[in-house]
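To keep things clear, I will list the structure first and then write my remarks on it.
No lab work stands behind these numbers, since they all come straight from the coordinates. Since this is a predicted model, take the numbers as computed values, not measurements. Because the Cβ atoms are built from the backbone with ideal geometry, glycine has one as well, and the counts that use them run over all protein chains shown.
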Number of protein chains: 2
Amino acid sequence: MAVIKVHGIPLSTAAARVIACLNEKGLEFDLIPVDMGSGEHKKEPFLSLSPFGQVPAFEDGDLKLFESRAITKYIAQEYGDKGTPLLASGKEMAIVSVWMEVEAHQYDPVAMKLAWELALKPHFGMQVDDAVVAENEEKLGKVLDIYEARLSVSKYLGGDVFTLADLHHLPTLSYLMNTQAKKLFEPRPKVSAWVADIFSRPAWRKFLELRDQK
Amino acid sequence: MAVIKVHGIPLSTAAARVIACLNEKGLEFDLIPVDMGSGEHKKEPFLSLSPFGQVPAFEDGDLKLFESRAITKYIAQEYGDKGTPLLASGKEMAIVSVWMEVEAHQYDPVAMKLAWELALKPHFGMQVDDAVVAENEEKLGKVLDIYEARLSVSKYLGGDVFTLADLHHLPTLSYLMNTQAKKLFEPRPKVSAWVADIFSRPAWRKFLELRDQK
């Protein structure tokens with residue numbers, strides 16, 4: 001049994017973020033499934049690991065964490081000497097932090113609404129809300145305009161190298177690129193090249209193999 | 001003229017977060033007002049500093065940042081040897097990070113909706129939406145139940161000392177405690193003691209003097 005445990009399912013974008021990060025670091029872990037269909041994440045003992053009842057919960061020996069972006073930061077710092085660096089230092093780290101916040105506050109709320117409507121609702125046989133789709137496609141287009149400008153001066157969002165600022169986008173991007181929302185990416189060449197680049201990372205392909213096996 | 005510049009207004013909770021952090025560090029800065037009423041934040045030259053058109057924008061010499069929580073992290077790290085530490089290290093920092101993410105994802109979206117309805121809309125002479133208030137009061141109550149449990153085992157959210165995880169709450173708390181939402185805090189003794197403690201900090205009182213002068 002590995003020292004690191006991730007409680008969650010690969011379909012969860014937040015759990016996927018943590019697994020992608022562990023893969024970048026080449027770390028072994030146990031994925032402990034949480035039966036979200038029966039509401040296991042809203043009951044004890046899961047709530048003792050993640051009091052807001054959200055996956056993933058994370059354990060590294062005695063340390064117990066929740067909130068996916070706090071978990072990835074911990075992994076990147078604690079295992080700084082393993083695998084891909086994923087962080088920077090000093091003023092370069094400040095720029096990485098800006099784009100990590102952009103992912104969390106500008107991109108993710110919009111991308112998650114679209115992923116829910118266009119990828120997950122059809123998967124669960126639920127009716128898509130066209131008004132929500134239209135509103136959020138317009139919003140995502142505006143966000144991607146700013147990404148296009150950023151990626152015209154910098155290969156990755158946080159700077160010249162791949163960092164957590166890029167990695168945190170992978171799970172939602174992976175859903176969106178299999179839906180009609182793909183049309184928002186195609187006319188933006190720098191964004192498209194960035195998506196292709198980060199999708200091709202071995203650590204992400206390893207995650208997809210895990211997700212598709214489940 | 002100070003080396004550090006904050007572009008924004010003290011009424012903005014995001015700008016307030018950055019100013020409170022600078023005060024904790026005892027750093028001098030210039031506050032450069034942004035005329036949000038005329039939409040100055042949605043036009044150049046402001047957009048070159050903050051491409052999503054949100055205050056605050058921040059400059060420290062040549063370094064230009066946006067996103068308030070990235071700015072506070074930069075200040076806390078870059079000026080680590082000045083004033084209040086605001087961060088931790090190793091596994092303790094991982095716990096601080098968890099509660100910084102909780103503020104951003106669990107508390108702030110709900111608190112901001114209530115601050116808008118109950119404090120800012122009346123300030124601007126706009127009609128309050130009672131349904132939004134009721135929905136978000138219920139949500140905030142559930143968040144504060146988890147805070148009450150956390151603050152029963154730890155003096156501050158991130159651990160035994162005041163950190164950014166606490167500081168980031170101050171601007172919205174300051175609005176909410178002057179509204180009917182105060183009733184959500186009063187029955188929760190640990191949360192109430194925590195609010196009183198962080199409100200009493202000299203750095204926060206210094207910010208309030210600045211806000212009330214404007």
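Inspect segment B:121-136 for any residue being within 14 Å of another protein chain (Cβ to nearest Cβ) and either touching a residue at least 40 places away in the same chain (Cβ under 8 Å) or more than 25 Å from residue A:42 (Cα to Cα) (or both) and give the result as yes or no. No: segment B:121-136 contains no residue that is within 14 Å of another protein chain (Cβ to nearest Cβ) and either touching a residue at least 40 places away in the same chain (Cβ under 8 Å) or more than 25 Å from residue A:42 (Cα to Cα) (or both). So for segment B:68-90 (the condition being at the interface with another protein chain (Cβ under 9 Å from one of its Cβ atoms), more than 21 Å from residue A:76 (Cα to Cα), touching a residue at least 40 places away in the same chain (Cβ under 8 Å) and under 17 Å from the mean Cα position of the chain (by Cα)), does at least one residue qualify? So far as segment B:68-90 goes, yes, one or more of its residues are at the interface with another protein chain (Cβ under 9 Å from one of its Cβ atoms), more than 21 Å from residue A:76 (Cα to Cα), touching a residue at least 40 places away in the same chain (Cβ under 8 Å) and under 17 Å from the mean Cα position of the chain (by Cα).
Among the listed residues B:10, B:45, B:51, which satisfies the condition of being touching a helix residue (DSSP H, G or I) at 6+ places or on another chain (Cβ under 8 Å) and either more than 12 Å from every other protein chain (Cβ to nearest Cβ) or small (Gly, Ala, Ser) (or both)? The unique qualifying residue is B:10.
Residue B:147 fulfils the conditions (1) within 14 Å of chain A (Cβ to nearest Cβ); (2) under 14 Å from the mean Cα position of the chain (by Cα) except for a single criterion, (2). Please work out if residue B:192 is of a type in the set (Ser, Thr, Tyr), farther than 19 Å from residue B:97 by Cβ and in contact with a Phe, Trp or Tyr (Cβ under 7 Å, 6 or more places away or on another chain). Judged against the criteria, residue B:192 is a match. Restricting to segment B:167-189, what's the tally of residues that are in contact (Cβ under 8 Å) with a residue 60 or more places away in the chain and either β-branched (Val, Ile, Thr) or crowded, with 18+ Cβ neighbours inside 10 Å (or both)? Final tally of qualifying residues: 12. Residues in segment A:117-131 that are loosely packed, with under 11 Cβ neighbours inside 10 Å and among the small types (Gly, Ala, Ser): A:125, A:131. Can we say residue B:104 is touching a Lys or Arg at 6+ places or on another chain (Cβ under 8 Å), without any contact (Cβ under 8 Å) to a residue 40 or more places away in the chain, under 24 Å from residue B:70 (Cβ atoms) and among the small types (Gly, Ala, Ser)? Here the answer is no, as residue B:104 does not meet what is asked.
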